[in-house]
Each structure stands twice: as C-alpha cells, then as structure tokens.
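Okay, structure first, notes after.
Here, each number is a calculation from the coordinates, and none is a lab measurement. The structure presented is a predicted model; accordingly, all values stated were derived computationally and were not measured. Cβ: placed from backbone, ideal geometry, glycine included. Neighbour counts: every protein chain shown.
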Amino acid sequence: MAIYKITTDGEDQGWMDAFNNHYDTHYKIGEVLTGDLTDLKEKIFHFNNGVALGPAISIVEVQDEDED
C-alpha cells in the first residue's frame, strides 16, 4: 500500500493552519496518510486554487506500493 504525507510549500505552518481552519481539519505538516485520499485531494485542489492562489498544500508519496 502506498504511503503519503501532507506538506506545505516551504513547510510553512501558516499554510497548514489556514487549510485546517478553512476545512475544520487537524492535519500536521509531515503527517502520514493512507487509504482513500480522494476527498482530501479535492480539498487541497480547491484550497490551492481558490484560497492560496498557488501550490500551498500537497500530498507526496513517501513509500511505493511495491516496497516492504
């Protein structure tokens, strides 16, 4: 199973705080994510394009599905 983490541009806590306030969530920079990320990816897309007006929040893969 692929493992991802959520991060911000320049690991700026301000962006993560703004994202969490906007969506009433509690993510932390570098938090490990697994499972279905469809809803989160949609929120990130809308936040980056409608609030931050740039790539403030992202999800990055930290472990490939084929690795043990």
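Points to keep in mind about this one:
- Residue among H26, H46 that alone is surrounded by 10 or more Cβ atoms within 10 Å (Cβ to Cβ) and either of a type outside the set (A, V, I, L, M) or not in a strand (DSSP E or B) (or both): H46
- Selection within the range 1-34 - of a type in the set (G, A, S) and over 15 Å from G54 (Cβ atoms): A2, G30
- Complete set of residues in the range 1-16 that are among the charged types (D, E, K, R) and surrounded by 13 or more Cβ atoms within 10 Å (Cβ to Cβ): K5, D9, D12
- The range 50-68: number of residues that are over 11 Å from the mean Cα position of the chain (by Cα), surrounded by 12 or more Cβ atoms within 10 Å (Cβ to Cβ) and of a type outside the set (A, V, I, L, M): 1
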